[in-house]
Each structure stands twice: as C-alpha cells, then as structure tokens.
Amino acid sequence: MINFKVMEKNLSKMSKDELFDELVKNYQIHVKILEDTIKDRDKFIAILERQLTNIDKHIERLYGEIESKDNE
C-alpha cells in the first residue's frame, strides 16, 4: 500500500528539477506499461486471427465432407 503522507514529505524535500525528473520518470513508466499492453494486445489479436483462420479451414473441410456424402 502506498503511504501518501511519507510520499508527500519526500516530495516536499525535492527541488523543482528533481520534481520534474520524478514526473518524467513516472510518465516513462506509464508509457512503458501502455506499450507492453499494446504489444500483448497485438499478440492476442494475432493468436485469435490464427484461430479464426484455422476454424474457417475446418468449417470448409466439413462442408466438403458433407458435399461428398451428398454425392454418394
């Protein structure tokens, strides 16, 4: 759990430049989290696309089997 009182005391001791550095560091952390989330999302989407393609191929094979049974 974050202790905001301690954090406030630490922030109040920082210079303006240190505060800006801390702000930039926090933004960089957020950007990294977003990048990782997007990368993971892209991997997930690629997996789903492959699965859908495989399902489509399987459905086509099933229709082919049904057609061949109808022709017998």
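The values are calculated or read from the model by the stated rules, or taken from the named source; none is laboratory data. Just so we're clear, the structure is a prediction, and the values are computed from it rather than from any experiment. All Cβ positions, glycine included, derive from the backbone under ideal geometry; neighbour counts span all protein chains shown. These accessible areas exclude ligands, DNA and RNA; they are computed on the full protein's heavy atoms, side chains included. Shrake-Rupley method; radii C 1.70, N 1.55, O 1.52, S 1.80 Å.
Would you work out if the stretch 1-40 is rounded, prolate or oblate? Take a ≥ b ≥ c from the square roots of the eigenvalues of the alpha-carbon gyration tensor; rounded if a/c is under 1.5, else prolate when a/b is larger than b/c, oblate otherwise. Here the stretch 1-40 falls in the oblate category.
For the chain, the longest principal axis of the alpha carbon atoms and the long axis of helix 4-13 meet at an angle near 50°.
Quick one: net charge around residue 62, please, counting Lys, Arg +1 and Asp, Glu -1 for every other residue with C-beta under 12 Å from its C-beta. Could you put the intermediate results ahead of the total?
Numbers: positive: 57, 61, 69; negative: 56, 60, 65, 67.
With Lys, Arg at +1 and Asp, Glu at -1, the net is -1.
Pairs of Lys residues in the chain are counted when their Cα atoms are under 26 angstrom apart and they lie 8 or more places apart or on different chains; the count is 11. Ignoring ligands, DNA and RNA, what percent of the 1.4 Å accessible area of the stretch 22-72 is carbon and sulfur? The computed percentage sits at 60.
Apply 1/(1 + (r/R0)^6) to the Cβ-Cβ distance of residue 28 and residue 59, taking R0 = 30 Å, and write down the FRET efficiency to the nearest 0.05. Write down the numbers at each step before the final one.
Working: r = 46 Å, r/R0 = 1.54.
With R0 = 30 Å, the Cβ-Cβ based efficiency is 0.05.
I'd like to check one number: the per residue accessible area of the stretch 8-72, probe 1.4 Å, reported in Å² as a whole number.
Values: 6320 Å² over 65 residues.
Value for the stretch 8-72: 97 Å² per residue.
The 3J(HN,Hα) values that the Karplus relation (6.51, -1.76, 1.60; θ = phi - 60°) gives for the stretch 19-25 are, in residue order, 5, 5, 4, 5, 4, 4, 4 Hz. Gly and Pro appear as x. The structure-derived value of Cα Rg over 2.2 N^0.38 Å appears in the list (1) 2.44; (2) 1.72; (3) 1.01 under the label (1). Farthest toward the positive end of the dipole of the chain, out of 30, 62, 52, is the Cα of 30, where the dipole comes from beta carbon charges about the Cα centre.
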